[in-house]
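Below: the structure, in structure tokens.
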Ligand SMILES: *Cc1c(COP(=O)(O)O)cnc(C)c1O
């Protein structure tokens, strides 16, 4: 158990900012994260003070606190600025109603029937650090899209007061993790009042103690996100920090967090008077949300078996990991202590209660969150076609050994939120080329027109984005040098010698070992030849965090870091610290090629390559996850590993071969106008395929049609009584 948090943070009241009356709405705009995907709103904050905006890593609340008031007075008189401001405010106001949305048109009968969406992390914007990686960012993109489409989603998550850790790399390449408590004056999160003047809204009993939970609200366009917090003075000192850190503290803490998320989350929605008509658990972390609903029904006199049926009919479960070891599981004794006596309220005994999480291959000693989720959800999906196949095979035991093809697990391939991930200048190009409505369309024919984009304009735009990335990398290195007096080799390794004309490969994601960040170094000499070729050099930019408890992951990072300082690579291999959504934007928009080398079939989907593709950055990747669907032969490169390529030998050889024979020649093949025509064709196909198939709009529409609406309408499925 970690030490209790000493002092409660400063009162979470945003400082009143003296705004000129004409611009009074800015405070409101800054407090709804919808600003982050509205182009006018983003431009407004940038125009207020561009260098401050960049220094604050795009935090509008901080910006309004720190900007020179005279500047705002000046802008209140600026007609162009005010016109933009009015447009943004009108848009925000229109976001309050869901009348003219896709959902209202498609499912008029379902308006006003909320869908609850539970996830252990949400990555909505860099300024709210309550996410660690792909799962959280996907959940954030889901919320934004639900807002765009007008789906009445209400989200439930955890307010990690310590945020996700900040990363610093020591001179020897070892990752150090530091936590900065969230500054409640700088995030758009407000506490909701409890009952009778209390701070807490609900109470959950676990390990024999009552824990009071406070609920905070964060607004993401039309979608409210309710965040749970246990750090209240009336709670036991050991319980106060339970929800303060993301994915740390080992299984004991995880179990408590998931119990509080599931049980506490349902109670919070009830206390707020929200009655969801369908419930979506994004990953097994939220399985107790379904268990709590079973308990509620049992308390109302419904039998356990009927309660399970009713909860199943309204529940959707999305699984994200293709290996059983990656799924959360706990010892049954811990779960028994965690839930102490809870089963009495369900009218069942402890054994029946624990059987909800029984996974045959793990035995009776293990409580498996995936097994619990599958038992309590009628609609289950994986996150790519390939992951669907793997998941059906893997879950056979839960279906009494039924053949994989008869297991009712579908797939909805992940997608990314276009307005969040596509760079402004690329959107501008598409405005001019495709007409005004393109951003709201998955129409394949419309996206075909990307192929006729003007080469010169696209190349110029891409080059600008690349310059922006490299300027930022230098700026970060300059700061690190000034703050920490880092050494010359570290300055080089931080990317100060990167050159904007050189073919630049990006690799950024969590440093989980299966993602094999260091695979490209398997044959150092062969890579060195590629990188240091005088006429046609290559440079590589890495970023990413290893999980604080993942020492093998930290070793991979250390290995990569070591090469960034190796003079043999002439400063052409860089590692940029503190990967998060901010850096992710710059990288997916500013490199030339996105690299992804997961060990097949361990990448359920992957999403960073989709973000890159939307910006005309093609991907080179092993055929896994989304790339199995996304690779069309002209939008990047695919590597099919040989059987049993544990060491990655055939994968890395194929990677070198593709880089030497196809990628580098194509990139440097320029015509008399200095335009790489063939490369530009690859870029356009990347945008086309991503726009047609890999946006979150396509994904969330699919969830609405095939999962949410049928759950609410009670459409019958082939009756599949599971494994009760
Ligand atoms: C998109 C994203 C990810 C997911 O990357 P993968 O390559 O799909 O693992 C992780 N972290 C951040 C910050 C992201 O934006």
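At a glance:
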read-out	value
The lone exception for residue 583 - which of (1) away from the ligand (no atom under 16 Å from the Cβ); (2) assigned to a helix (DSSP H, G or I); (3) closer than 16 Å to residue 504 by Cα it fails	(1)
Tally of residues being touching a helix residue (DSSP H, G or I) at 6+ places or on another chain (Cβ under 6 Å) and part of a helix (DSSP H, G or I) across segment 435-445	2
Odd one out for residue 403 among (1) surrounded by 22 or more Cβ atoms within 10 Å (Cβ to Cβ); (2) more than 27 Å from residue 143 (Cβ to Cβ)	(1)
Count - residues of segment 324-357 that are at pLDDT 95 or above and more than 18 Å from residue 254 (Cα to Cα)	14
Subset of segment 581-593 [over 12 Å from residue 421 (Cβ atoms) and touching a strand residue (DSSP E or B) at 6+ places or on another chain (Cβ under 9 Å)]	583, 590, 591, 592, 593
In segment 122-131, the residues that are surrounded by 24 or more Cβ atoms within 10 Å (Cβ to Cβ) and in contact with a helix residue (DSSP H, G or I) (Cβ under 7 Å, 6 or more places away or on another chain)	122, 123, 124, 125, 131
Filter pass, residue 99 being assigned to a loop (DSSP other than H, G, I, E, B) and out of contact with any helix residue (DSSP H, G or I) (no Cβ under 8 Å at 6 or more places or on another chain)	yes
Scope segment 42-63; condition outside any helix (DSSP H, G or I) and within 18 Å of residue 20 (Cβ to Cβ); matching residues	49
Sole exception among (1) under 30 Å from residue 690 (Cα atoms); (2) out of contact with any helix residue (DSSP H, G or I) (no Cβ under 7 Å at 6 or more places or on another chain); (3) not in a helix (DSSP H, G or I) for residue 506, by number	(2)
Filter result for residue 187 (modelled with pLDDT of 95 or more, crowded, with 24+ Cβ neighbours inside 10 Å and within 15 Å of the ligand (Cβ to nearest atom))	no
Unique match (being within 30 Å of residue 556 (Cβ to Cβ), crowded, with 17+ Cβ neighbours inside 10 Å and under 25 Å from the mean Cα position of the chain (by Cα)) among 226, 160	160
Subset of segment 511-537 (residues that are more than 12 Å from residue 572 (Cα to Cα), outside any helix (DSSP H, G or I) and in contact with a helix residue (DSSP H, G or I) (Cβ under 7 Å, 6 or more places away or on another chain))	511, 512, 517, 518, 522, 523, 536
Unmet criterion (only one of (1) farther than 25 Å from residue 584 by Cβ; (2) within 16 Å of the ligand (Cβ to nearest atom)) for residue 138	(1)
Residue among 134, 150, 112 that alone is within 27 Å of residue 550 (Cα to Cα) and either in the same structural domain as residue 226 (by TED's automatic domain parsing) or surrounded by fewer than 22 Cβ atoms within 10 Å (Cβ to Cβ) (or both)	134
Helices (runs of 4 or more DSSP H) contained entirely in segment 593-689, each with at least 2 residues that are away from the ligand (no atom under 16 Å from the Cβ)	649-658, 664-668
Failed criterion for residue 105 (all others in (1) touching a strand residue (DSSP E or B) at 6+ places or on another chain (Cβ under 6 Å); (2) more than 16 Å from the ligand (Cβ to nearest atom); (3) in a helix (DSSP H, G or I) hold)	(1)
Those residues of segment 538-559 which are more than 15 Å from the ligand (Cβ to nearest atom) and in a helix (DSSP H, G or I), in sequence order	551, 552, 554, 555, 558, 559
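Residues are listed down the side, and each one gets a yes or a no for (1) more than 25 Å from the chain's Cα centre (by Cα); (2) buried (at least 19 other Cβ atoms within 10 Å of the Cβ); (3) away from the ligand (no atom under 16 Å from the Cβ):
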residue	(1), (2), (3)
506	no, yes, no
514	no, no, no
518	no, yes, no
526	yes, no, yes
533	yes, no, yes
536	yes, no, yes
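The values are calculated or read from the model by the stated rules, or taken from the named source; none is laboratory data. All values derive from a computational prediction rather than experimental measurement. Neighbour counts run over all protein chains shown; Cβ positions are idealised from the backbone, glycine included.
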